[in-house]
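Down below is the structure, laid out as structure tokens.
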Amino acid sequence: MPKIYLYFLVFSFSLVGCQKKEVSEEAITAEEEQVQILRKEVMHLHNQTMEKIEPLIGLKSRLKEKGTALRDNPDKVDEVIVVEMLVQSLDKAQTSMREWMQRYNAHKINDDHVKELEFLELEKKNILAVEAQMKTAMDAAEGALAAE
């Protein structure tokens, strides 16, 4: 009889050990899923921001044309300065996007899910900042062009 209890006890512990392992694997899967969801969210924000690059370049071109036309008029020196500042603002926004992509693409995926989540959270904040910078620069440029 005691042997039966011993076998039962060993069998019970092995079942509990297997169940803990399954829970642990489920937890890793849940963490991996969080990483994938956040990575997709970051890439979606990236794609939305990238869609603004072409219009940004168009605004820059129009501002440069306006600046060239204004340079011929000595009374428009202040406007030329404003136009040049707006072009610089658009350039900085475009550079910020390029630098964000270089940083993001240079990142080696980390097997440590916590560190990968931290990286992705930071990059989400960074791409949102780039998007805001682009929007601000583009709104200002559109305002200056509309005032013609």
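Would you pick out the residues in the stretch 73-118 that are in contact (Cβ under 8 Å) with a residue 24 or more places away in the chain and of a type in the set (S, T, N, Q)?
89, 94, 96
Could you check residue 76 against (1) over 24 Å from the mean Cα position of the chain (by Cα); (2) closer than 21 Å to residue 136 by Cα and say which number it fails?
Of (1) over 24 Å from the mean Cα position of the chain (by Cα); (2) closer than 21 Å to residue 136 by Cα, only one is false for residue 76: (2).
Quickly run through the stretch 53-77 and pick out the residues that are farther than 17 Å from residue 146 by Cα and either touching a Lys or Arg at 6+ places or on another chain (Cβ under 9 Å) or at pLDDT 95 or above (or both).
53, 54, 77
Restricting attention to the stretch 26-52, report how many residues are out of contact with any Lys or Arg (no Cβ under 6 Å at 6 or more places or on another chain), touching a residue at least 60 places away in the same chain (Cβ under 8 Å) and in a helix (DSSP H, G or I).
12
If I ask for residues that are among the acidic types (Asp, Glu) and assigned to a loop (DSSP other than H, G, I, E, B), which ones from the stretch 100-141 would you list?
111, 112
Considering (1) at pLDDT 95 or above; (2) over 16 Å from the mean Cα position of the chain (by Cα), say which one residue 98 fails and leave the rest.
It fails just one condition, (2).
Mind checking which residues of the stretch 33-52 are of a type in the set (D, E, K, R), at pLDDT below 95 and either surrounded by 13 or more Cβ atoms within 10 Å (Cβ to Cβ) or under 13 Å from residue 138 (Cα atoms) (or both)?
39
Of the conditions (1) among the β-branched types (Val, Ile, Thr); (2) outside any helix (DSSP H, G or I); (3) at pLDDT 90 or above, residue 80 satisfies every one except a single condition; which number is it?
Among (1) among the β-branched types (Val, Ile, Thr); (2) outside any helix (DSSP H, G or I); (3) at pLDDT 90 or above, residue 80 violates only (2).
Can you tell me which of (1) under 19 Å from the mean Cα position of the chain (by Cα); (2) touching a residue at least 60 places away in the same chain (Cβ under 8 Å) is the one residue 145 doesn't meet?
It fails just one condition, (1).
The values are calculated or read from the model by the stated rules, or taken from the named source; none is laboratory data. Note that the coordinates shown come from a computational prediction; the quantities given were computed from them, not determined experimentally. Neighbour counts run over all protein chains shown; Cβ positions are idealised from the backbone, glycine included.
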